[in-house]
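The values are calculated or read from the model by the stated rules, or taken from the named source; none is laboratory data. The shown structure was predicted, so the numbers you read here are calculated from the model rather than taken from an experiment. Ideal geometry is used to build each Cβ from the backbone, glycine not excepted, and the neighbour counts take in all protein chains shown. What goes into the accessible areas is simple: the full protein's heavy atoms, side chains included, and nothing from ligands, DNA or RNA. Shrake-Rupley method; radii C 1.70, N 1.55, O 1.52, S 1.80 Å.
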Amino acid sequence: MLKKISTEKAPAAIGPYSQGIIAGDFLFASGQIPINPATGNVEAEGIEAQARQAIINAGEILKEAGIGYENVVKTTCFLADMGDFAAFNKVYEEFFTEKPARSCVAVKELPKGVLCEVEVIGFLK
């Protein structure tokens, strides 16, 4: 049985998807971009600030599922410019201290013209 996860502390889905789904012992969270959930706008400027906001948004979905960053087993990170890789990593390592498995790719474009998007899979136990 699947359980939808939703919180007002992370941006609302801007399409036909859920913020997160629990399937068995795992949370699959949709990718988070650096939208301020209080305003619905992208307010963070620069890769560091945008990475921080995107990761905080993902963290709120984790919290809603009853877990934290330490329960993340896999992340997928999307960057608009691979030249931001080192700066993105500086922020990323502040949150994901357990060093989950990760994929990080550069993409042609991200929603709302943001610089990064972060997706997480968390283990519930």
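Considering every residue within the range 111-124, establish whether at least one is in contact (Cβ under 8 Å) with a residue 24 or more places away in the chain, within 20 Å of Y17 (Cα to Cα) and open to solvent by 70 Å² or more (accessible area, probe 1.4 Å).
Yes - at least one qualifying residue is present in the range 111-124.
Tally the residues that are over 15 Å from the mean Cα position of the chain (by Cα) and either under 20 Å from L124 (Cβ atoms) or modelled with pLDDT of 95 or more (or both), restricting the search to the range 10-37.
5
Take the conditions under 24 Å from N41 (Cα atoms) and either surrounded by fewer than 16 Cβ atoms within 10 Å (Cβ to Cβ) or touching a Ser or Thr at 6+ places or on another chain (Cβ under 6 Å) (or both) and apply them to T97. Does it pass?
In short, no.
Just checking, how many residues over the range 11-70 are touching a strand residue (DSSP E or B) at 6+ places or on another chain (Cβ under 8 Å) and either exposed (fewer than 15 other Cβ atoms within 10 Å of the Cβ) or of a type in the set (A, V, I, L, M) (or both)?
Going through the range 11-70 one residue at a time, the tally reaches 22.
Return a yes/no flag: does the range 23-32 have any residue that is without any contact (Cβ under 8 Å) to a residue 40 or more places away in the chain and within 24 Å of D81 (Cα to Cα).
Checked the range 23-32: no residue is without any contact (Cβ under 8 Å) to a residue 40 or more places away in the chain and within 24 Å of D81 (Cα to Cα).
Would you be able to say whether some residue in the range 117-125 is under 14 Å from the mean Cα position of the chain (by Cα) and more than 21 Å from A13 (Cβ to Cβ)?
no
Please determine, by comparing only the residues of the range 79-125 that are among the charged types (D, E, K, R) and in a loop (DSSP other than H, G, I, E, B), which one is modelled with the lowest pLDDT.
My answer is K125.
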